[in-house]
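The values are calculated or read from the model by the stated rules, or taken from the named source; none is laboratory data. Owing to the predicted nature of the structure, the values given are computational and were not obtained by experimental measurement. Ideal geometry is used to build each Cβ from the backbone, glycine not excepted, and the neighbour counts take in all protein chains shown.
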Amino acid sequence: MKESTSSTPSKKSNLPLYFSILLVTGLVVCYFAIPDFNQFIKTAWRVLTSDDEATIKKWVEDFGWIGPMLIILAMVVQMFLLVIPSLLLMIVAVLAYGPIWGSVISFTSVIIASSLGYLIGGLLGKSFVIRLLGEKTIQKISQFIEEYGFWAVSITRINPFLSNDAISFVTGILKMNYSKFIGATALGITPLILLIAVTGENTDSLKTGLMWGSLVCVLIFAGYIFWDRNRKRTRKK
């Protein structure tokens, strides 16, 4: 049974914006008001941008098992915020834990966050997700998924500049098969994580790698769309 359009809110909620503003304000206040927090942020920035593997490894080891848990938690929380892109968290994981363990942590974080987004979309439904994303966004992503299915999810994951979180919520609403959804997510996110792991040695190589990687993804998907449309036209003749 379809949801009544009259009962479905059409406006996007400002809650993600309010939460983001509250988070940023809280961090700024803590930075200036709490000396230990101020020192932690300065140390974290200095260490993670030092390109010194020994220094980074020593700093990270002090966190023990809490470090990876915080990254996973941040990956889940960022789905409801505007200020923490998932790409940034993957970069932090690779810089902090190295290309191998950083990749494992990033992959695990994305799978958990994506599964939660899918679950929220499926259980809470379209009305709730509209409040997070807006009706127009949901309509566009729904059309994209309905037309390209598995590959729509994969290409969204592999491109660092597309919305990973939105597609998780919408696939839940559309009741896409979970195995198909998570398989597409894994297929798409793996090359992106490997790209970050390989090029994440310094900021310049990372920027270049992400730029070229994104361009290649767009060109491949544009080629696929061109081929698919020509195939459909041929079938109609």
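Every residue, every condition in (1) modelled with pLDDT of 80 or more; (2) in contact with a Gly (Cβ under 7 Å, 6 or more places away or on another chain); (3) among the β-branched types (V, I, T), yes or no:
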{"site": "F128", "(1), (2), (3)": "yes, no, no"}
{"site": "L132", "(1), (2), (3)": "no, no, no"}
{"site": "Q139", "(1), (2), (3)": "yes, no, no"}
{"site": "I145", "(1), (2), (3)": "yes, no, yes"}
{"site": "Y148", "(1), (2), (3)": "yes, no, no"}
{"site": "V153", "(1), (2), (3)": "yes, yes, yes"}
{"site": "F161", "(1), (2), (3)": "no, no, no"}
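Does L95 meet the test of being in contact (Cβ under 8 Å) with a residue 24 or more places away in the chain and either assigned by TED's automatic domain parsing to the domain that holds K232 or not charged (D, E, K, R) (or both)? Spelling it out, L95 is indeed in contact (Cβ under 8 Å) with a residue 24 or more places away in the chain and either assigned by TED's automatic domain parsing to the domain that holds K232 or not charged (D, E, K, R) (or both).
Only a single item in (1) modelled with pLDDT of 80 or more; (2) surrounded by 20 or more Cβ atoms within 10 Å (Cβ to Cβ) is not met by Q78, and it is number (1).
Contact annotation: no residue pair with Cβ atoms under 6 Å, 6 or more positions apart or on different chains, pairs a residue in region 209-237 that is under 25 Å from L87 (Cα atoms) and not assigned by TED's automatic domain parsing to the domain that holds G188 with a partner that is hydrophobic (A, V, I, L, M, F, W, C) and surrounded by 10 or more Cβ atoms within 10 Å (Cβ to Cβ). Considered as a group, the residues in region 140-192 that are among the charged types (D, E, K, R) and assigned to a helix (DSSP H, G or I) include one that is surrounded by the most Cβ atoms within 10 Å (Cβ to Cβ), and that residue is R157.
Test I120 against the criterion of being more than 29 Å from A222 (Cβ to Cβ), buried (at least 22 other Cβ atoms within 10 Å of the Cβ) and either at pLDDT below 85 or among the aliphatic types (A, V, I, L, M) (or both), and give yes or no. For I120, the condition - more than 29 Å from A222 (Cβ to Cβ), buried (at least 22 other Cβ atoms within 10 Å of the Cβ) and either at pLDDT below 85 or among the aliphatic types (A, V, I, L, M) (or both) - is not met.
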